[in-house]
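Visitor: Pasting in a structure now, in structure tokens, and then I'll have a few things to ask.
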Protein chains: 2
Amino acid sequence: MTIKNKQVLLANRPHGWVQESDFNIVETDVPALKDGEVLVKNLYLSLDPYMRGRMNEGKSYAASSQLNEVMVGGTVGVVVESKNPNFQVDDTVLGYFGWQNYGVSDGKGLNKVSVSSQIPASAYLGVMGMPGLTAWVGLISIGQPKAGETVVVSAASGAVGSVVGQLAKAHGCHVVGIAGGKAKCDYVVNELGFDACVDYKAGHLVEDLTTATPNGIDVYFENVGGEILEAVLDRLNAHARIPLCGFVSQYNETTPHSVRNFGALLINRVKLQGFIVGEHAELFPQAMQELGQLVASGKLKYRETVAEGLDNAPRAFIGMLKGENLGKQLVKLA
Amino acid sequence: MTIKNKQVLLANRPHGWVQESDFNIVETDVPALKDGEVLVKNLYLSLDPYMRGRMNEGKSYAASSQLNEVMVGGTVGVVVESKNPNFQVDDTVLGYFGWQNYGVSDGKGLNKVSVSSQIPASAYLGVMGMPGLTAWVGLISIGQPKAGETVVVSAASGAVGSVVGQLAKAHGCHVVGIAGGKAKCDYVVNELGFDACVDYKAGHLVEDLTTATPNGIDVYFENVGGEILEAVLDRLNAHARIPLCGFVSQYNETTPHSVRNFGALLINRVKLQGFIVGEHAELFPQAMQELGQLVASGKLKYRETVAEGLDNAPRAFIGMLKGENLGKQLVKLA
């Protein structure tokens, strides 16, 4: 019996904001497995801001996605057929199969994960996966927060930002989030335990950030860029650190926002470092250990926004880029 | 007999370009020495871009200079009277007496230096002094150049830039300077041994920088900011390092230049660090050893532009900010 697979392809390179018409949804047959291969039925697809960069032609961290190819992305799923001795049917595996219901792998880059009542499969795409590792590597290894310092994180309610803030609290810092809208700000303060949150949509970002950071800013975990970055640069303390993780506010801009106060990096002797998590794999064991302990003990909380079915992935992706999700954006496939 | 001292005071805080009328030159009496004090007759005053920042009211690395106080600055001089057992008449000393012919010190921050035929007193304000140490700390400690990498330095013919380039050559790098005018470019290539130099005044900065850096840029030692910074950001390789030392192109601008391509720091996973040399004193012994060996062996060359007499210091300072000097700008006092 041939299994039907559904896939989302990149149909057009967007100019400015992504449109649903930039994607093309197709059905194909799952090919017969060769020796050494594994067939995985994907349970969840992760949607992440970095994917926007892959849709462009130009230089970004990694090669562009090709037109008419499956959109890339992290997935968690179950093995439904195996001709590889390292994997058995019903194993839960973390893979990088992209926007499709099934994936075939030779086992490389496929990792078995341990699902429990405390750590469900979807967590491996979020708090225990790439976003959680990104938060840990950026904050702990680059940001080097010390107890009593002020840590600010933008996109604070997102999959990365929410972990950054809770990790910083666990390290004894004064933590201020920046997020869009009252609901997100209430969430990070009341549910995640941040000390404060600035709603950048409220119209007085500079004043509110000043009020929330009376002792200035020592670590800024940067996810958004643009005017929020400028507002933070004006509040930096001497020897501040900036892990530069993303610029989500800029990904759909045809003309990037020019930064007016770059000189703050000089005046304050700032350390800034751009990074992508995949280049810091040597830190993953240490990171997974700390994240796992915090999740299992209930100290690291997370939420998921889940779209149902692959057909809804393009709309959910566009919504995430506009900030409509709360916490980790997933697509439930099976 | 009372000794007459001449001093240059800050008369006005400049708005935009510095004017000679922003300074006031006065004569005062040198006070009688108290126990523990030393009277130094300054031989040379160092003029440096950072002094422009001190003339402003606003926040910079250090406190602003006060109106009607002596302009700050490094000096090298000889002890002419001493009531301090650690210093004797005729000792050559490096101090921070500022823009004046004489200085009185309790000995703190005053350092005896060893003058020889290979290393004259003035060198302790340049290649063996603050600019040389700045070059070493920024390039070696922050830039971490590896043999074969491409190092670019702006203000390449200046007191800091000229040492940066020669140090990078000594470490096996491909070295490209950026300087204003053919004379400066000829100097850094023909006399200092840089591999290439881009004349930013020639009118095709981007094209010339591209030609001079066929393998991209791994380390950028930043002294100037503005459009030169933007041109370099577009040429960075993955994992480039940027020691951020100065923004001399911006110090006299009333509206700073906005940086259009900040995102290059993210895309290329760049490490950028602003620094001031005084905060890295633990590295000075190692730096002085390497600089001293290179100077004594003739491998580290330098030039000085020397103004005669304190009356000419304001004009020389303004000239330096406009790039009229070649190498280290000094004022000969005695």
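Visitor: Out of A:89, A:78, I need the residue that is assigned by TED's automatic domain parsing to the domain that holds residue A:315, out of contact with any Phe, Trp or Tyr (no Cβ under 9 Å at 6 or more places or on another chain) and not in a loop (DSSP other than H, G, I, E, B). Which one?
Guide: Unique residue meeting the criteria: A:78.
Visitor: Further, regarding this structure: Exactly one condition in (1) crowded, with 21+ Cβ neighbours inside 10 Å; (2) modelled with pLDDT of 90 or more; (3) closer than 30 Å to residue B:260 by Cα is not met by residue A:247; state its number.
Guide: Status for residue A:247: all satisfied but (2).
Visitor: One residue is enough: does the stretch A:60-74 have a residue meeting the conditions touching a residue at least 60 places away in the same chain (Cβ under 8 Å) and either assigned to a helix (DSSP H, G or I) or more than 30 Å from residue B:264 (Cα to Cα) (or both)?
Guide: For the stretch A:60-74, residues touching a residue at least 60 places away in the same chain (Cβ under 8 Å) and either assigned to a helix (DSSP H, G or I) or more than 30 Å from residue B:264 (Cα to Cα) (or both): absent.
Visitor: Quickly run through the stretch A:246-256 and pick out the residues that are touching a His at 6+ places or on another chain (Cβ under 7 Å) and facing chain B (nearest Cβ under 8 Å).
Guide: A:250
Visitor: Give the residues of the stretch B:8-23 that are in contact (Cβ under 8 Å) with a residue 40 or more places away in the chain and not hydrophobic (A, V, I, L, M, F, W, C), sorted by residue number.
Guide: If the condition is that a residue be in contact (Cβ under 8 Å) with a residue 40 or more places away in the chain and not hydrophobic (A, V, I, L, M, F, W, C), then B:12, B:13, B:14, B:15, B:16, B:19, B:20, B:22 are the ones that fit.
Visitor: Can you tell me which residue among B:275, B:284 is within 13 Å of chain A (Cβ to nearest Cβ) and of a type in the set (Phe, Trp, Tyr)?
Guide: B:275
Visitor: Could you list, in sequence order, the residues of the stretch A:93-114 that are in contact (Cβ under 8 Å) with a residue 40 or more places away in the chain and either farther than 16 Å from residue A:8 by Cα or outside any loop (DSSP other than H, G, I, E, B) (or both)?
Guide: Within the stretch A:93-114, A:93, A:95, A:100, A:102, A:103, A:104, A:105, A:106, A:107, A:110 meet the criteria.
Visitor: Something else about it: Would you mind finding the one in A:146, A:184 that is among the charged types (D, E, K, R) and under 18 Å from the mean Cα position of the chain (by Cα)?
Guide: Result of the check over A:146, A:184: A:184.
Visitor: Among the residues of the stretch B:120-129, is any free of Cβ contacts under 8 Å to residues at least 24 places away in the same chain, over 15 Å from the mean Cα position of the chain (by Cα) and over 29 Å from residue B:210 (Cβ atoms)?
Guide: Within the stretch B:120-129, one or more residues are free of Cβ contacts under 8 Å to residues at least 24 places away in the same chain, over 15 Å from the mean Cα position of the chain (by Cα) and over 29 Å from residue B:210 (Cβ atoms).
Visitor: So, one more: Contact list please: Cβ distance under 8 Å, first residue in the stretch A:160-172 and in the same structural domain as residue A:223 (by TED's automatic domain parsing) and among the basic types (Lys, Arg), second residue crowded, with 24+ Cβ neighbours inside 10 Å and at pLDDT 95 or above, pairs at least six apart or on different chains.
Guide: A:169/A:175; A:169/A:194
Visitor: Taking residue B:189, is it surrounded by 24 or more Cβ atoms within 10 Å (Cβ to Cβ), over 29 Å from residue B:94 (Cβ atoms), free of Cβ contacts under 8 Å to residues at least 40 places away in the same chain and assigned by TED's automatic domain parsing to the domain that holds residue B:270?
Guide: no
Visitor: Let me ask another. Hey, can you tell me all the residues within the stretch B:250-275 that are under 16 Å from the mean Cα position of the chain (by Cα) and either at pLDDT below 90 or not assigned by TED's automatic domain parsing to the domain that holds residue B:142 (or both)?
Guide: Across the stretch B:250-275, the qualifying residues are B:250, B:251.
Visitor: Another question about this same structure. Within the stretch A:108-137, can you find the residues that are under 26 Å from residue A:244 (Cβ atoms) and in contact with a Ser or Thr (Cβ under 6 Å, 6 or more places away or on another chain)?
Guide: Once the filter is applied, which keeps residues that are under 26 Å from residue A:244 (Cβ atoms) and in contact with a Ser or Thr (Cβ under 6 Å, 6 or more places away or on another chain), the stretch A:108-137 yields only A:125.
Visitor: Within the stretch A:213-220, is there a residue that is of a type outside the set (S, T, N, Q) and at positive phi?
Guide: Looking through the stretch A:213-220, at least one residue is of a type outside the set (S, T, N, Q) and at positive phi.
Visitor: Among the residues of the stretch B:108-151, how many are surrounded by fewer than 21 Cβ atoms within 10 Å (Cβ to Cβ), modelled with pLDDT under 95 and not hydrophobic (A, V, I, L, M, F, W, C)?
Guide: Residues flagged as surrounded by fewer than 21 Cβ atoms within 10 Å (Cβ to Cβ), modelled with pLDDT under 95 and not hydrophobic (A, V, I, L, M, F, W, C) within the stretch B:108-151 amount to 9.
Visitor: With the requirement that a residue be touching a helix residue (DSSP H, G or I) at 6+ places or on another chain (Cβ under 7 Å) and more than 30 Å from residue B:254 (Cβ to Cβ), what does the stretch A:249-289 give you?
Guide: Answer for the stretch A:249-289, where residues must be touching a helix residue (DSSP H, G or I) at 6+ places or on another chain (Cβ under 7 Å) and more than 30 Å from residue B:254 (Cβ to Cβ): A:251, A:252, A:273, A:274, A:275, A:277, A:280, A:283, A:284, A:287.
Per-residue answers, yes or no, for (1) over 28 Å from residue A:276 (Cβ atoms); (2) of a type outside the set (Ser, Thr, Tyr); (3) away from chain A (no Cβ under 13 Å):
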site	(1), (2), (3)
B:202	yes, yes, yes
B:210	no, no, yes
B:218	no, yes, yes
B:224	yes, yes, no
B:227	yes, yes, no
B:239	no, yes, no
B:244	no, yes, no
B:258	no, no, no
B:266	no, yes, no
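The values are calculated or read from the model by the stated rules, or taken from the named source; none is laboratory data. Values in this document were obtained by computation on a predicted structure and should not be read as measured data. Note that each Cβ is placed from the backbone with ideal geometry, even for glycine, and that neighbours are counted across all protein chains shown.
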